[in-house]
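The values are calculated or read from the model by the stated rules, or taken from the named source; none is laboratory data. None of these values were measured; they are calculated from a predicted model. Using ideal geometry, Cβ is built from the backbone for each residue, glycine included, and neighbour counts are taken over all protein chains shown. Surface areas here come from the heavy atoms of the whole protein model, side chains and all, with no ligands, DNA or RNA. Shrake-Rupley method; radii C 1.70, N 1.55, O 1.52, S 1.80 Å.
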Amino acid sequence: MVRILFVHPDLGIGGAERLVVDAALALQSKGHTVSFLTNHHDPEHCFEETRDGKLQVRTVGDWIPRDIFGKCYAVFAYVRMVYAALYFSLCLSKEERFDVVFCDLISLGIPIFRLAKSKPKVLFYCHYPDQLLSKPGSLLKKYYRMPLNYLEEVTTGQADGILVNSKFTSRVFKETFKRISVDPDILYPSLNTKYFDETVVAEEDQIIGISPDCFVFLSINRYERKKNLNLALNAFQKLQELVTSQEWNRLMLIIAGGYDERVLENVEHFDELEELAEDMGLRSKIKFLRSPNDREKLFLLKRAQALVYTPENEHFGIVPLEGMYLGKPVIAANSGGPTETIIHDQTGFLCDPQPVSFASAMAKLVREDKNCDRMGEMGRKRVQQRFSFEAFSTKLDNIVTDLVTRTQVEPRKQK
């Protein structure tokens, strides 16, 4: 048995959060002891397993600001993580012994975790280099980011083990962190398929009324501009030109997105999308949902006929796996992680990120219902064969066990 502490900045709802929750459940199923340390955990905005007692969660440093006048988010995220790391090394590690610290998103705490008396091994999961997620800005922002980017690379290289979520991210990792000479291991995210199989959803799990004969296109993503949700709306508008009026009358687009009132971009972008739908004259055909809970999300996935996934160069993308496992064809941008999960014209369509390309793929599904059934069946089989929770659990268990039992760990070599 290995004692593992997961350290994550904000244990809310999102792909990164789903990954660490599933990783904790996977290791727990293998007989290990797991718990969470986080800077923020809202019981009204989190995954059920972190709320219902399956996973122990401890929150520290939530009193530290997230920004100053809407600026310096990165600096404050780093400060909050450093505080959590210091709390672990100076306080928590004296109360409990941990063999492994599993951290992600922010690497700055890694050298601090190693100061703990028990000398835990540190496993870092890189969803994507943080410095590449920062939008280009002024010369001042460039100089503001320079020390943060340097610290990210140096501290990431101090981890005892490094994982990434796809071959795409692995290539980006090596191109970005040139001082780190060790190749990261690839651990594809998975699905806790047991939840999908055992959870029964009913009509009361609907957020909105959906007519039984309605053909539903579903988009699930956070309300962030980088998720390119405008593409779903523009493609849906273009679709009207490619189908008959009878087909159009039964079509609906549902945008279900992670929404946090504390995040200004979520609030602004939600309003932008509603205004865009209004300008298109499609407000009655497009429904916007904010942070559906797990059961509501499962209902939507089961009810929809197809999934529309719009981000470009997405690092991996767990939503396409969810859709495929539930037998839905997935229409996605032909870049990043989806190219490793979706097989074009078999489990869905990989398209240029243009409205006409997405609309053409959507029209094919509307015109031929058998396409949905065929692709859905193949998608489910692909998830079961390549991305099963058991395979994910076994590989992660082997990684963690090897990390702990390694008799002599060479430090990460940096150029």
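Give 144, 125 a once-over and let me know the one that is of a type in the set (Phe, Trp, Tyr) and modelled with pLDDT of 95 or more. Let's see the steps before the verdict.
Working: 144 fails: modelled with pLDDT of 95 or more.
None of the other options fit; the residue is 125.
So how many residues does region 267-297 have that are farther than 24 Å from residue 348 by Cβ and surrounded by 19 or more Cβ atoms within 10 Å (Cβ to Cβ)?
Residues of region 267-297 farther than 24 Å from residue 348 by Cβ: 267-272, 274-281, 283-284, 290-291, 293, 295.
Adding the requirement that they be surrounded by 19 or more Cβ atoms within 10 Å (Cβ to Cβ) leaves 269, 277, 291.
Residues that pass the stated criteria total 3.
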* Asked: Are any residues in region 26-36 open to solvent by less than 50 Å² (accessible area, probe 1.4 Å) and in contact with a Ser or Thr (Cβ under 8 Å, 6 or more places away or on another chain), and if so, which ones?
  -> 26, 27, 36
* To do: Report yes if residue 241 is in a loop (DSSP other than H, G, I, E, B) and over 30 Å from residue 383 (Cβ atoms), otherwise no.
  => yes
* From (1) open to solvent by 40 Å² or more (accessible area, probe 1.4 Å); (2) in a helix (DSSP H, G or I); (3) in contact with an Asp or Glu (Cβ under 9 Å, 6 or more places away or on another chain), pick out the condition that doesn't hold for residue 175. => (3)
* Go through the residues of region 138-145 one by one and say whether even a single one is open to solvent by 40 Å² or more (accessible area, probe 1.4 Å), over 21 Å from the mean Cα position of the chain (by Cα) and among the polar types (S, T, N, Q). => yes
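Report whether or not residue 50 is touching a strand residue (DSSP E or B) at 6+ places or on another chain (Cβ under 9 Å), under 25 Å from residue 294 (Cα atoms), modelled with pLDDT under 95 and not acidic (Asp, Glu).
When the stated conditions are applied, residue 50 passes them.
Check region 246-264 and report whether any residue there is closer than 30 Å to residue 73 by Cβ, touching a residue at least 60 places away in the same chain (Cβ under 8 Å) and not in a loop (DSSP other than H, G, I, E, B). Reasoning before the result, please.
Taking region 246-264 first, the residues closer than 30 Å to residue 73 by Cβ are 254-264.
Restricting the remaining residues to those that are touching a residue at least 60 places away in the same chain (Cβ under 8 Å) gives 258, 260, 262, 264.
Among the residues that remain, those that are also not in a loop (DSSP other than H, G, I, E, B) are: 264.
Taking every residue of region 246-264 in turn, at least one turns out to be closer than 30 Å to residue 73 by Cβ, touching a residue at least 60 places away in the same chain (Cβ under 8 Å) and not in a loop (DSSP other than H, G, I, E, B).
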* Asked: If you check every pair at least six apart or on different chains, which have Cβ atoms under 9 Å apart with a residue in region 377-392 that is under 12 Å from residue 323 (Cα atoms) first and a residue that is at pLDDT 90 or above and open to solvent by 50 Å² or more (accessible area, probe 1.4 Å) second?
  -> 378/343; 378/346; 379/343; 379/346; 382/343; 382/346
* Quick one: in region 148-168, of everything that is farther than 17 Å from residue 111 by Cβ and out of contact with any strand residue (DSSP E or B) (no Cβ under 7 Å at 6 or more places or on another chain), which residue is most open to solvent (accessible area, probe 1.4 Å)? => 168
* Please go through region 359-400 and pick out each residue that is open to solvent by 50 Å² or more (accessible area, probe 1.4 Å) and more than 30 Å from residue 241 (Cα to Cα). => 380, 381, 384, 385, 386, 390, 391, 394, 395, 398
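Looking at region 42-56, which of its residues are open to solvent by 40 Å² or more (accessible area, probe 1.4 Å), more than 21 Å from residue 84 (Cα to Cα) and not in a loop (DSSP other than H, G, I, E, B)?
At the first step, the residues of region 42-56 found to be open to solvent by 40 Å² or more (accessible area, probe 1.4 Å) are 42-44, 48, 51-54, 56.
After this cut, where a residue has to be more than 21 Å from residue 84 (Cα to Cα) as well, the list is 44, 48, 52-54.
Scanning region 42-56 gives a single hit, 48.
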* Asked: What residue, of 314, 296, 247, 265, is more than 22 Å from residue 196 (Cβ to Cβ), among the acidic types (Asp, Glu) and within 22 Å of the chain's Cα centre (by Cα)?
  -> 265
* Structure fact -> With the first residue restricted to region 325-347 and required to be on the phi > 0 side of the Ramachandran plot and of a type outside the set (A, V, I, L, M), and the second required to be part of a helix (DSSP H, G or I) and open to solvent by 10 Å² or more (accessible area, probe 1.4 Å), Cβ contacts under 7 Å at 6 or more apart or on different chains are 327/377; 327/380; 336/168
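Please go through region 111-133 and pick out each residue that is open to solvent by 20 Å² or more (accessible area, probe 1.4 Å) and not hydroxyl-bearing (Ser, Thr, Tyr).
Within region 111-133, the subset open to solvent by 20 Å² or more (accessible area, probe 1.4 Å) is 111-112, 114-115, 117-119, 121, 127-128, 130-133.
Selection gives 111, 112, 114, 115, 117, 119, 121, 127, 130, 131, 132, 133.
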* Hey, can you tell me all the residues within region 178-208 that are open to solvent by less than 30 Å² (accessible area, probe 1.4 Å), modelled with pLDDT of 90 or more and not in a loop (DSSP other than H, G, I, E, B)? => 180
* To do: Mind listing just one residue for me: the one in region 63-110 that is open to solvent by 70 Å² or more (accessible area, probe 1.4 Å) and in contact with a strand residue (DSSP E or B) (Cβ under 8 Å, 6 or more places away or on another chain) and, of those, nearest to residue 132 (Cα to Cα)?
  => 83
